[in-house]
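**Student:** Have a look at this one before I ask anything.
Any read-out appearing in this document is the output of simple, stated calculations on the displayed coordinates, not a laboratory observation. Computed from a predicted model, the values in this text were never measured in an experiment. In this analysis, Cβ positions are derived from the backbone assuming ideal geometry, glycine residues included, and neighbour counts consider all displayed protein chains.
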C-alpha cells in the first residue's frame, strides 16, 4: 500500500524531511512565508475494523489523490505514516495555509468512502529571515495536530495562534520522564500446553498530579509524534532488564522509532555483559512498525536474537498483504491481533482467520499468542484452534510492578 501511494507522487517521511530541510535552507525561502501541514484521519481504525483493510486502503488512496490534486507546482505532498499525510506550502501566508487546511478537511470528508473526518496541524515559517529546521517544523505542526484532535477532530489548528494547550501534553510527558511518573505494569502470557505463565509483558502507564492512571492511548501517540517514545521504551527496558535479572521471563514492546535507535541494543548488550541471561528477555515489535521500517526491523531482529533474546511480532494479521516479509525476520512467535479475537465466539469469519493464522505460523515454525482473551468461551476456542499462548483479562489483568516483582511472581 505504501509503495502504491509513493509511486503515485507522495514521498515518505524521511524523503519529506530531507526535502523540506533542503528547501528551507534556501535564503530566499526565509524571506517569504510558508507553512507545513500535517493531516491525520479521525478514527481511521474504525474503517479497518468495521469495513476491512481493503476499504481502508481505498480511503488512503483517495486522500493521497486529493493531496496531489490540491498541491501547487512548488508544494510538496507526503505520506508520513499509516493514515497521516503532510503538505509543504512554500508560498503561503498563515491565512492561506488555514484556508488550504480547511479545504483539505472538506474534500477528504466529501470524497472519502466512507466519509471520514480529518484533523490538520499547521506550522508557519519564513517571512522574517529566522533560522528553522525541518524537524522543528514537524514537531510544531504535530503539536498543533494533537491540539486539533484534542478539540474533537475535524478542524485545523495553527500552532502560532492562541494558547497552545497541546504543548502542555508534551511538557507533561517530559515531566513524567523526569519525575518518574511513568510507571510499569505487567500482564501474564499463559502457556496453554504447560498450563503456566510463560512470561509477563510490561506495559507503561502515566500518573497525573493526583496519582490517577492515564491510559497509554492518551499519551503514547503524542510521545511517538514528538520523538519522546524512545526514552519511554528505554525506561521500560530498564525495568525489564531488572526483572529478567531475577530470572523472570519478561516481554517488552519496542516502538518503530526505537528500531532505529542503537541505544536499546547497547543497553541490552551491556546488561548481558553484566551477567543477564538473554533467554529471560523477549522483545515484541508491531507488524506495522516492521513493515514501515523493514531495514531497521531486520537489523534490530538480528541483533537481539543474535544475543540470545526472544523476538515476537505483535498485532499479527494487520498487514495481511505483507506476509512475505516474515521470511526476512527471525520471528519466534506471532501475537494474533486482538481484532480477530474480540468477537471470536460470535464470528465464524474470525474463527476461520485465526485457524488460518495458526496454520500459517506453524508453517514458518513459529508459535502463536492470542491476546484479548476476556472470557472462558474465547479461551476454549483458541485452545481448540491450537494456539500456543493466551493473554487477556480472563487470564490476568495488568498489575503494577512494585519492588522489583511482577504480579505473577509476587
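**Student:** Can you work out D for segment 191-273 in µm² s⁻¹ from Stokes-Einstein, where Rh is the Kirkwood radius over C-alpha pairs, the temperature is 20 °C and the viscosity is 1.002 mPa s? Working shown, then result.
**Tutor:** Working: Rh = 14.3 Å.
In µm²/s, the coefficient rounds to 150.
**Student:** Here's another thing I want to ask about it. For every helix of n ≥ 4 consecutive DSSP H residues, a contribution of -39,500 (n - 2.57) applies; sum these over the chain, divide by its total residues, and give [θ] at 222 nm rounded to the nearest 500 deg cm²/dmol.
**Tutor:** Numbers: 16 runs with 183 residues, N = 410.
About -13500 deg cm²/dmol.
**Student:** If we restrict to alpha carbons, what Rg and Dmax does segment 39-120 come to, in Å?
**Tutor:** For segment 39-120, the Cα-based Rg and Dmax read 12.7, 40 Å.
**Student:** Something else: In segment 69-104, which residues have a backbone nitrogen under 13 Å from the label point lying 7 Å from residue 19's Cα in the Cα-to-Cβ direction?
**Tutor:** Residues 69, 71-80, 86-90 qualify, since their backbone N sits under 13 Å from the label point.
**Student:** Testing the spin-label approximation: label points 7 Å from Cα along Cα→Cβ at residue 208 and residue 383. State their distance in nm.
**Tutor:** That separation, rounded to one decimal, is 4.1 nm.
**Student:** Then there is this: Rounded to a whole number of µm²/s, how large is the Stokes-Einstein D of segment 170-400 at 20 °C and 1.002 mPa s, given Rh as the Kirkwood radius over C-alpha pairs?
**Tutor:** Details: Rh = 18.2 Å.
Taking Rh from Cα pairs, D becomes 118 µm²/s.
**Student:** Among the DSSP beta bridges whose two residues both lie in the chain, what percent are antiparallel, rounded to the nearest 5? Could you put the intermediate results ahead of the total?
**Tutor:** Working: 36 of 61 bridges.
Percentage antiparallel, nearest 5: 60.
**Student:** Can you tell me, using C-alpha contacts under 8 Å and at least 6 residues apart, the relative contact order of segment 170-400 as a whole percent?
**Tutor:** Working: 396 pairs, mean separation 43.0, N = 231.
It comes to 19 percent, rounded to a whole number.
**Student:** Right, something else. Along Cα→Cβ, 7 Å out, is where each label goes; now give me the distance between the ones at residue 266 and residue 57 in nm to one decimal.
**Tutor:** Calculated label separation equals 4.0 nm.
**Student:** At 7 Å along Cα-to-Cβ for each site, give me the label-to-label distance between residue 12 and residue 274 in nm.
**Tutor:** 3.5 nm
**Student:** Now for a separate question. Which value, in Å³ per residue, describes the convex hull spanned by the Cα atoms of the chain? Could you put the intermediate results ahead of the total?
**Tutor:** Numbers: hull volume 61.3 nm³, N = 410.
With only Cα atoms used, the chain gives 150 Å³ per residue.
**Student:** Follow-up. How tilted is helix 94-111 with respect to the longest principal axis of the chain? Cα atoms for both, answer in degrees (0 to 90, nearest 10).
**Tutor:** Tilt of helix 94-111: around 60 degrees.
**Student:** What's the angle, to the nearest 10 degrees (0 to 90), between helix 134-150's Cα axis and the longest principal axis of the chain?
**Tutor:** Between helix and principal axis, roughly 80 degrees.
**Student:** Please tell me the relative contact order of the chain in percent, rounded to the nearest whole number, where contacts are Cα pairs under 8 Å and at least six residues apart.
**Tutor:** Details: 734 pairs, mean separation 50.0, N = 410.
Relative contact order of the chain: 12 percent.
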